[in-house]
Every structure is written in structure tokens, then in C-alpha cells.
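The values are calculated or read from the model by the stated rules, or taken from the named source; none is laboratory data. As the structure is a prediction and not an experimental result, all values here were calculated from the model. Positions of Cβ are backbone-derived with ideal geometry, glycine not excepted, and every protein chain shown enters the neighbour counts.
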Amino acid sequence: MSYFVTGATGFIGRHLVTNLLKRKGTIYVLVRKGSQKKLDALIERMDWDRKRIVPVTGDLAKARLGVSADKAAELKGKIKHFFHLAAIYDLAADGPSQLVANVEGTRNALALADALNAGCFQYASSIAVAGLYPGTFREDMFDEAEELDHPYFRTKHDAEKVVRDECTRPYRIYRPGVVVGHSKTGEIDKIDGPYYFFGALKKLREMLPPWMPVIGIEGGRVNLVPVDYVADAMDHIAHKAGLNGGCFHLTDPNPRRIGEVLNLFARAGHAPQMSMRLDARMFSFVPAPLKAAIGNLPPVKRFTGMLLRDLGIPKQVVKFVTYPTRFDCRETERALKGSGIRVPDLDDYAWRLWDYWERHLDPSLFVDRSLKGKVKGKVVLITGGSSGIGKATALKVAAAGATTVIVARGEEELFATRDEIIAAGGTCHAYTCDLADMASCDALVEKVVAEHGGVDILINNAGRSIRRSIELSYDRFHDFERTMQLNYFGSLRLIMGFLPKMTERRRGHVINISSIGVLANSPRFSAYVASKAALDAFSRCAQGELSGKGIVFTTINMPLVKTPMIAPTKMYDSVPTLTPDEAGDLLVQAIIERPSRIATRLGIFASVVNAVAPKAYELVMNTAFELFPDSAAAKGIKGVREGEQATSEQIAFAALMRGVHW
């Protein structure tokens, strides 16, 4: 017995060939010219018997699949089963490509099967032939399909029609559901179907703890089947007598709603689960023309497009969130009876799919995550670069090959840091500047632009912090002026100075060191938090205007870091803090990933709680205010240090609210 297989190197095809090799006979596989090496590698990886795999050069788009007359004559009468699996299985592919591969490719395969006088034509169709049929689609249904406007639905439907109308040989048709990875290994070859949502689940995991409930969608039922079930079922049904002319739904008889499926994968990936799921059908009362009109508004389209791009979800996929079709598969179940072949429960293998995706297909794996790849040969300016977070960051970017520019007010420490970087083999330039003085800021910008042509990455790290209650600040209005002058106006002056060159080159990255206090609304830091919040707000507004010009703004809501800035408050010696080097790692993350914001889970959680239950959060903050008194310095008492040893209550509270300024 001999087989001819198209699409043998594809995802379903390779597993089907593995099954066919368990039977007797030679397997002829269609291979495009120049793809022999790919087949050889697959044979090696799948541990196939090379003597039984015979490549046949051809092309899906050519008549009789481009197989030569001599080869066709050689194989005539030898092929008992002709498996046609080659097609484009991609919702995002363009219409013309799908027409050539799916429809004309099927017609060409039929012509070759005729020329070879093949036995049974085994055709891999898809549940897409049903379109968006509202209800249960049976295996004996075809013409009843509805809403076939999408190119994938239309071409798969038309391709199956070609088989039904033009095939002169006995045939069997298989309609797999949404094919996912192997139920035993998790292996899959590309991101498709539910995998498009894995990136969003991963982002959710990074933002929120896994126990935190979130709101999601319910959606329609999605029919997922693992590739090993599809290959096993096709192999078994193809070799069972008396089934010619049949159509078989290789689908899950008990499909789950999209919300359930996403929760299964969220659990597998240790991400928060959607405790409350809104049924997408509740919005069906909105007339389709109105939904289309709203969706086509430029701001809505741009926002939706940016959100989907950030999450890695093709816009074509969103349309099928409310998928209305269910598939009857009784004929398939009858054909498989007694074989032991059944659709495994997704609960049992969802973790394998997630694990394989995270290890092999997660798009973030293929991003250059080296700092060197992001900063080599670029100009990176860091304010407050002579000590603390700024110095730690300068050492890292200089070691990665950046032209590092460090800025600070004091010469001695600044030049010492410069010399240390140069001695380590880095490139570093040091400029003194009083960032609270606008004229000094302007002079710095002018000099850096003249000598370096501008900057590629601007890190506004220099800042001033004041820990003092409002009651002790009635006669200290200058505290608010000083912090605003340095933390907001100084940073803003540099941003405005370097932006013209960035916009001219249509690239640039501004990183602002903010504070977790902006999210947590830390008491006793009203002057400091207000100045950082102003910079945060400016960045959000600027990002909306300049993202289209290639300018990225990143805000880092930095938790408490052990630097000279917090040294006057001795209580901080006893509470959890980051080291400057750990804080520098957050800046490295910002440079590499270029996110809009970097914040700790606690910071985000505090912000959410404040938004959802402001009165309850107010009580927590007031408790903290009473628990952590003003320092002697804040009270204006010189030469006295109060509270050098933190109490057990203070330590416990600070550990619970790790990284927040008190």
C-alpha cells in the first residue's frame, strides 16, 4: 500500500505521516523545489524511516501540482490513499493567496489524483466551511453555511465544493476544529487561535497577583482539538471500510466558551482568572451599522489598533469572539467507536500548551533583550549620574557600549564616576548642571546637541525628596517650590530641549524616574509626590501627541531605594528597600522593553484599591501616617535623631507595603 501526501511537512501532516509509517507501504510527499533540506531536517527530527519517505517535487499552484509527467507515469496505479492537507490555515492571510492555495491548490490535487489513478481522495477541510452559521452545523450540511465574507471561510468552503463537485474518485472529507498543540507534548508550530491571547494573559500575570479576580468576557463556544487527535482520527477513518463520500467533524463534542478557555490557560500560566465574565452577546442589541460606524471612527480605530498590536492579537480574530456555531460530530464518533480515539479534556493538557508556548513561541523570546542591542553606539544622558540609581545605570549602559553622558551638580563625585566608567573601558562624558536653574538646563542642552547631536535616550533621574507632614509645612512653602523646580520643571526643560532633535529623527526615548508614592499617595510626601505626579501627567499627554513620531515615554514608579536621598530618615535602615543596582536593573528593563510604565505589583494594587474603594484606602493611609511620625529633621530639631530603631509595628507595616515611602 502506498500513500501520497501534500502538506506532509505541515503541522497536521507531519503527525499524520508518523501514523502512516506505523502501517505498511511507501509514503510519497509533495515537496517544493528547494525545500528538500526542510524535509530532511523533519525526517531527522521526527525519526522517520528515510527509506519509506519519497519526496516528489511539485508546487501547489501549478497544474497537477507541478508533478512531472514522468513521475506521474511512474506512480500511476500505485497510490491507494491520496491525502491532501496542503493549504493556508491562517485567518490573517490575504485573500488572493488563500484563493490560490486553498481553492486552486485543491483543484490541482484532484487533477493529480486522477492522473495517478489514486484510490481514495482524503481531503482535510475545516469547520470554517460553515462560516458563521447560527446554530448546530451537522456533518451532512454544506450549502447551509452563512456569512462567508471572510477570505478564509470563503476559500475553505469553495475548496470543499470543488471536492464535492469535481472529484471523480472516492473521497472522504475531514473538518477539524481549531487545531492546537499536541496533548502529550504541547508542541505546535505557530501562534494561532487561542494562542493569540496568551501574550495578554502573560501581561496580566506580570501586572497583578494570580489570586486577584478580574473582569473578562464570556463569548461564544470555541472548538479546540489537539493535533494528535486530528491525525489519529484521520488515519483511523481513512482506513476503515464503507465510509466513502462521508464528511467527518473532527471536533470536540463538548466545546467550551471563550471565557472558560481563557481561564483554563490563565490557570496554567499562573495569571489572574476572570471571575466575572460579561457575555459578549449582551451587546447584540446595538445595530450592526451603528457598531460599524463607531468602530470606524479614527480615534476608536487607532486606539483599538494600538491595543491589539500591544497585545499581539490580530484584529481579524476579535470578530470571532462571539462565534455562533456548534458542530455535531456523531458520524465521527460512530466511525471511531471501539478505537479508543477521543478528544482529550482540555483541563488535562492546557498546561502543556502553555508551557510549550512560553518556552518556544512566546514572541518576547525572539526580542533582542540584551542591553547592548538597545544602546550600543547611542547617546544616553542620565541626570543625577554621579551616585545612587544614576551611577548604577550609567555603569550598566556604558558597559553595554553606549556613549554615556552623566549630569550632576557636584564636580568631584561626577568626574570620579566618569573616570571610573572610562577606566572600565566605557565611553563617558560628564557635564555639571544645576537642574533647578532653567538657564543652566538650556546651556546643558545646547552643549550636548552641539557635541553629540542630541540624545537617543534621556533619563530624568535627578530629584529632590522632602518627608514632612503638611502641618509642619505651613510656613515652608519653599519646600513645594524647590521640589517642583527640580523634579518637574528641570526635567521638563530637558525634555523640551531634546525633543526637537528626537522628532526630527523620528526616534527617541524619555525615561522619567517617578515614585511608587504617586500610586500609593504616600502621606508626608505631598511636595515630592505632587512634583512627580506632574511629570507623570506631562508624559502621558506627550505620549499621546508624539507616539506617532517614534518618541516613547516611560515612567518608572520607583519603590524605596537605599540612596543618600533617604539617609536622613534613619527609620529606613530597618525597612525593605532596593539597592541602587537593583533600581538600575529596572532602568535597563525600561530601555529594553520601552513600556509606558514600570511599577511594582503593590504600586498597581494600591492605585486600583484607591480607585475602587477610596474611603477604605484613606483609612489605610491615615493608619500609616499615625504609625510613622515626622523625623526630628522634619520638625526642625537639629542635632537630635528620633526613632533610630523602628518599632515592630512599623517594620511589619513596611514589610506588608514593601517599597512604599512612609
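Examine the stretch 410-417 for a residue that is under 26 Å from Lys374 (Cα atoms), within 40 Å of the chain's Cα centre (by Cα) and touching a residue at least 40 places away in the same chain (Cβ under 8 Å), and state whether such a residue exists. No, the stretch 410-417 contains no residue that is under 26 Å from Lys374 (Cα atoms), within 40 Å of the chain's Cα centre (by Cα) and touching a residue at least 40 places away in the same chain (Cβ under 8 Å). Of everything in the stretch 203-246 that is modelled with pLDDT of 95 or more and of a type in the set (D, E, K, R), the residue that is farthest from Ser596 (Cα to Cα) is Lys240. Of everything listed in (1) farther than 14 Å from Gly463 by Cβ; (2) modelled with pLDDT of 85 or more; (3) surrounded by 16 or more Cβ atoms within 10 Å (Cβ to Cβ), the single unmet condition for Lys549 is (3). Each residue in the stretch 355-403 was checked for being buried (at least 18 other Cβ atoms within 10 Å of the Cβ) and farther than 30 Å from Asp189 by Cα, and 26 of them qualify. If the condition is being over 38 Å from the mean Cα position of the chain (by Cα) and free of Cβ contacts under 8 Å to residues at least 12 places away in the same chain, then the stretch 330-347 contributes Arg334, Lys337, Gly338. Residues in the stretch 448-503 that are farther than 13 Å from Ser531 by Cα, in contact with a helix residue (DSSP H, G or I) (Cβ under 7 Å, 6 or more places away or on another chain) and among the basic types (Lys, Arg): Arg468, Arg493, Lys501.
Of everything listed in (1) assigned to a helix (DSSP H, G or I); (2) within 30 Å of Phe82 (Cβ to Cβ), the single unmet condition for Arg175 is (1). Note on the stretch 334-391: residues that are over 30 Å from Val405 (Cα atoms) and either part of a strand (DSSP E or B) or among the charged types (D, E, K, R) (or both) amount to 11. Among helices (runs of 4 or more DSSP H) entirely within the stretch 427-541, having at least 2 residues that are over 26 Å from Ile592 (Cα atoms) singles out 438-452, 477-483.
Within the stretch 209-258, which residues are hydrophobic (A, V, I, L, M, F, W, C) and outside any strand (DSSP E or B)?
Within the stretch 209-258, Trp211, Met212, Val227, Val230, Ala231, Ala233, Met234, Ile237, Ala238, Ala241, Leu243, Ile258 qualify.
Among the candidates Thr6, Thr26, the residue that is touching a Phe, Trp or Tyr at 6+ places or on another chain (Cβ under 8 Å) and closer than 24 Å to Val180 by Cβ is uniquely Thr6. The conditions of being surrounded by fewer than 21 Cβ atoms within 10 Å (Cβ to Cβ) and either polar (S, T, N, Q) or in a helix (DSSP H, G or I) (or both) are met by Tyr196.
Using the structure shown, decide if Arg164 is touching a residue at least 12 places away in the same chain (Cβ under 8 Å), assigned to a helix (DSSP H, G or I) and either among the small types (Gly, Ala, Ser) or under 30 Å from Met276 (Cβ atoms) (or both).
Working: touching a residue at least 12 places away in the same chain (Cβ under 8 Å): yes; assigned to a helix (DSSP H, G or I): yes; either among the small types (Gly, Ala, Ser) or under 30 Å from Met276 (Cβ atoms) (or both): no.
Judged against the criteria, Arg164 is not a match.
Which of the residues spanning the stretch 24-59 are of a type outside the set (A, V, I, L, M) and in contact with a strand residue (DSSP E or B) (Cβ under 7 Å, 6 or more places away or on another chain)? Once the filter is applied, which keeps residues that are of a type outside the set (A, V, I, L, M) and in contact with a strand residue (DSSP E or B) (Cβ under 7 Å, 6 or more places away or on another chain), the stretch 24-59 yields Gly25, Thr26, Tyr28, Lys33, Gln36, Arg52, Pro55, Thr57, Gly58. Flag set for Lys190, criterion: at pLDDT below 95 and surrounded by fewer than 16 Cβ atoms within 10 Å (Cβ to Cβ).
Residues that are surrounded by 23 or more Cβ atoms within 10 Å (Cβ to Cβ) and more than 22 Å from Gly384 (Cα to Cα) were ranked within the stretch 490-540; the one that is farthest from the chain's Cα centre (by Cα) is Arg524.
In the set (1) touching a Lys or Arg at 6+ places or on another chain (Cβ under 7 Å); (2) among the polar types (S, T, N, Q); (3) in contact (Cβ under 8 Å) with a residue 60 or more places away in the chain, the condition left unmet by Ser522 is number (1). Can you confirm whether Gly410 is modelled with pLDDT under 95 and in contact with a strand residue (DSSP E or B) (Cβ under 7 Å, 6 or more places away or on another chain)? No: the conditions fail for Gly410. Looking only at residues in the stretch 337-354 that are crowded, with 16+ Cβ neighbours inside 10 Å and not hydrophobic (A, V, I, L, M, F, W, C), the one that is nearest to Arg594 (Cα to Cα) is Arg352.
When the helices (runs of 4 or more DSSP H) confined to the stretch 1-118 are screened for residues that are over 36 Å from the mean Cα position of the chain (by Cα) and crowded, with 21+ Cβ neighbours inside 10 Å, those reaching at least 3 such residues are found at 105-115.
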